[in-house]
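The values are calculated or read from the model by the stated rules, or taken from the named source; none is laboratory data. Since the structure is predicted, the reported quantities are computational estimates derived from the model, not experimental observations. Cβ coordinates were reconstructed from backbone atoms using ideal geometry, including for glycine residues, and neighbour counts include every protein chain displayed.
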Amino acid sequence: MLKTKYIFITGGVLSALGKGVAAASIGNILESYGFTISILKLDPYLNVDPGTMSPFQHGEVFVTDDGAETDLDLGHYERFTAAKMSQQNNWTAGKIYNNVIQKERRGDYLGKTVQVIPHVTDEIKSAIMIMHGKYDVILVEIGGTVGDIESLPFLEAIRQIGLELKDNDSIYIHLTLVPFIKTAGELKTKPTQHSVKGLREIGIQPHILLCRAEISLPDDIKKKIALFTNLKFEDVVSAPDVKAIYEIPLIFKKEGLGSNILKKLNLQKKKDDSEDWEKFVNRVKNLKEEVVISIVGKYIQLNDSYKSLYEALFHGGVENNLKVKLDLVESEDLLKCDLSETFKHSNAILIPGGFGIRGIEGMIKAVEYARINRVPFFGICLGMQVASIEFIRNFIAIKDADSVEFNKYTSNKIFLKLKELINIEELGHNMRLGKFECILKKGTLCYSIYKTEKIFERHRHRFEFNPKFESDLEDNGMIISGRNPERNLVEMIELKDHPWFIGCQFHPEFKSKPLNPHPLFVSFVRSAKEFKKRKKL
Ligand code: GLN
């Protein structure tokens with residue numbers, strides 16, 4: 001059993017300051033010192049998990065190996081650190097209340113009045129302490145902003161934990177904003193002062209402030225913030241805007257944040273190794289050549305909706321020393337477009353995951369364009385489904401081919417709900433979630449990319465390819481290159497006579513990391529470069 005130390009990370013002034021990336025960066029620094037870590041995210045909203053929320057509301061739903069549908073910050077945690085996220089890493093107020101209410105119904109509270117304090121706060125505390133002893137340091141990020149009504153029980157819980165733990169076993173880090181007011185030509189510290197005041201009113205004195213600003217904070221501003229927030233000068237850390245988020249751990253380290261945290265937690269570093277990370281950041285800074293990849297999606301207006309996907313393409317780009325320029329295309333608009341005009345500058349087309357009928361016909365048009373014009377094409381989950389439907393509709397001429405998600409009554413159901421497929425009424429969950437095995441067919445493009453037969457990838461979908469149509473695919477030039485061995489489900493498809501046309505039923509983007517880019521994305525970006533070269537000739 002390890003002696004676990006805790007770092008609680010709160011946010012102030014406003015949301016979207018990058019608290020998740022800050023937590024992930026601190027995790028990254030601690031790992032570079034040789035410590036084992038994990039990171040928890042506590043979200044004060046009442047949904048039990050973000051699985052039911054629209055991507056426009058919440059951004060991407062990140063999926064873990066064990067099938068948890070979680071906040072996208074967990075994606076940052078996995079990309080920046082070696083920590084493996086699971087069901088235990090993301091807690092919402094909904095999940096906490098759900099547990100409390102179930103206990104109340106079971107009579108666990110022995111006739112007591114069940115209250116926010118202590119019952120809800122105790123439930124939050126046990127969620128936080130669930131991994132106690134398993135890691136050297138556990139970071140706990142509290143979603144929302146100090147001052148929100150709904151985050152109060154969470155802040156109270158971390159206040160109590162800090163009090164119960166020994167000195168030097170926990171610290172509080174607060175992320176705030178220091179805005180630059182152009183008309184005054186000045187950085188303003190007042191919002192930060194107020195935010196810390198709000199925290200202190202509920203009994204939490206932060207140990208370190210991370211100050212987001214457009215520029216690095218000058219010393220006089222740091223001194224002023226330190227004085228008014230009851231901190232030492234070195235505890236006020238500058239967190240300026242950066243071009244690539246992966247640079248943040250290095251900037252924090254340079255600012256002395258790492259050694260300051262160790263001092264406060266009374267830890268001695270076992271090593272200090274950020275060499276590979278530095279190499280990666282240097283590569284990022286020296287990318288010159290560019291490829292353009294069109295993303296034909298239904299949630300493109302919100303940057304966060306496809307967070308892991310954009311990161312995975314970025315990783316794949318860096319591995320090829322290429323800048324990936326994203327061309328975001330709203331699939332709904334494609335019906336009125338001349339696609340050769342829309343994709344004039346594209347070097348590859350990708351259709352990501354999604355739910356519901358809106359935008360499907362536009363996606364089908366995009367697949368057809370990529371298939372006929374030999375443009376590299378990558379279909380992920382929904383993208384793989386529309387690629388199969390397009391092929392059966394347009395190449396095999398089964399005109400009403402569809403998924404029951406979009407047309408329940410079609411006579412040619414290419415995608416069915418798993419329970420209809422295997423004739424089981426109840427499946428527990430109605431989605432296939434988390435890690436599943438896939439066996440790749442030797443001699444296929446997919447096999448040559450993964451260079452192994454057995455792979456594990458993460459899923460989040462309801463519908464599966466109908467085996468009745470397998471021979472239609474295979475007799476006409478589509479290869480089923482990956483299958484789930486347990487139920488013989490189609491997991492990957494590829495087109496024989498095409499430079500790069502792959503569809504996968506899973507989401508490879510969740511497993512791509514900067515230092516370990518996902519092979520499908522590396523290969524896809526490379527194919528975009530080759531397409532660009534061919535186009536020039
Ligand atoms: N809507 C499709 C399904 O549920 C695809 C889901 C996805 O793209 N993640 O099967």
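Give the residue that is nearest to the ligand (Cβ to nearest atom), with candidates limited to residues of the range 497-537 that are at pLDDT below 95 and in a loop (DSSP other than H, G, I, E, B).
Of everything passing the filter in the range 497-537, D497 is nearest to the ligand (Cβ to nearest atom).
Can you say whether I493 is among the β-branched types (V, I, T), surrounded by fewer than 24 Cβ atoms within 10 Å (Cβ to Cβ) and within 26 Å of F395 (Cα to Cα), as far as the supplied structure shows?
no
With the structure loaded, tell me whether P485 is away from the ligand (no atom under 16 Å from the Cβ) and touching a helix residue (DSSP H, G or I) at 6+ places or on another chain (Cβ under 6 Å) or whether it fails that test. Even if it seems obvious, please write down each step before you answer.
Values: away from the ligand (no atom under 16 Å from the Cβ): yes; touching a helix residue (DSSP H, G or I) at 6+ places or on another chain (Cβ under 6 Å): no.
Here the answer is no, as P485 does not meet what is asked.
Just one of (1) within 16 Å of the ligand (Cβ to nearest atom); (2) in a helix (DSSP H, G or I); (3) buried (at least 23 other Cβ atoms within 10 Å of the Cβ) trips up F469, so point out which.
Every listed condition holds for F469 apart from (3).
I need a count of the residues in the range 363-400 that are free of Cβ contacts under 8 Å to residues at least 40 places away in the same chain and not basic (K, R). Can you show your working first?
Quick first cut of the range 363-400, residues free of Cβ contacts under 8 Å to residues at least 40 places away in the same chain only: 364-365, 367-369, 372-373, 386, 389-390, 393-394, 397, 399-400.
Next cut, not basic (K, R) only: 364, 367-369, 372-373, 386, 389-390, 394, 397, 400.
Summing the residues that are free of Cβ contacts under 8 Å to residues at least 40 places away in the same chain and not basic (K, R) in the range 363-400 gives 12.
Say we look at the range 307-358 and pick out the residues that are surrounded by fewer than 22 Cβ atoms within 10 Å (Cβ to Cβ) and small (G, A, S); which of these is nearest to the ligand (Cβ to nearest atom)?
Ranking the qualifying residues of the range 307-358, first place goes to G356.
Within the range 428-465, can you find the residues that are away from the ligand (no atom under 13 Å from the Cβ) and at pLDDT below 95? Give the steps one after another, and end with the answer.
As a first pass, look at the range 428-465 and keep what is away from the ligand (no atom under 13 Å from the Cβ): 428, 435-456.
The answer is G428, and nothing else.
Which of the residues that make up the range 141-159 are free of Cβ contacts under 8 Å to residues at least 40 places away in the same chain and not in a loop (DSSP other than H, G, I, E, B)? So that I can check it myself, show each step before the final result.
Taking the range 141-159 and keeping what is free of Cβ contacts under 8 Å to residues at least 40 places away in the same chain, we get 149, 157.
Residue satisfying the conditions is A157 alone.
Within 16 Å of the ligand (Cβ to nearest atom) and closer than 19 Å to V522 by Cα: does that describe G383? Lay out the reasoning, then the answer.
Numbers: within 16 Å of the ligand (Cβ to nearest atom): yes; closer than 19 Å to V522 by Cα: yes.
The answer is yes for G383.
Given (1) of a type outside the set (A, V, I, L, M); (2) in contact with a strand residue (DSSP E or B) (Cβ under 6 Å, 6 or more places away or on another chain); (3) in a loop (DSSP other than H, G, I, E, B); (4) more than 30 Å from V281 (Cβ to Cβ), where does G162 come up short, assuming only one miss?
In the conditions (1) of a type outside the set (A, V, I, L, M); (2) in contact with a strand residue (DSSP E or B) (Cβ under 6 Å, 6 or more places away or on another chain); (3) in a loop (DSSP other than H, G, I, E, B); (4) more than 30 Å from V281 (Cβ to Cβ), G162 misses (3) alone.
Considering only the range 290-306, I want to know if a residue exists there that is surrounded by fewer than 21 Cβ atoms within 10 Å (Cβ to Cβ) and basic (K, R).
No.
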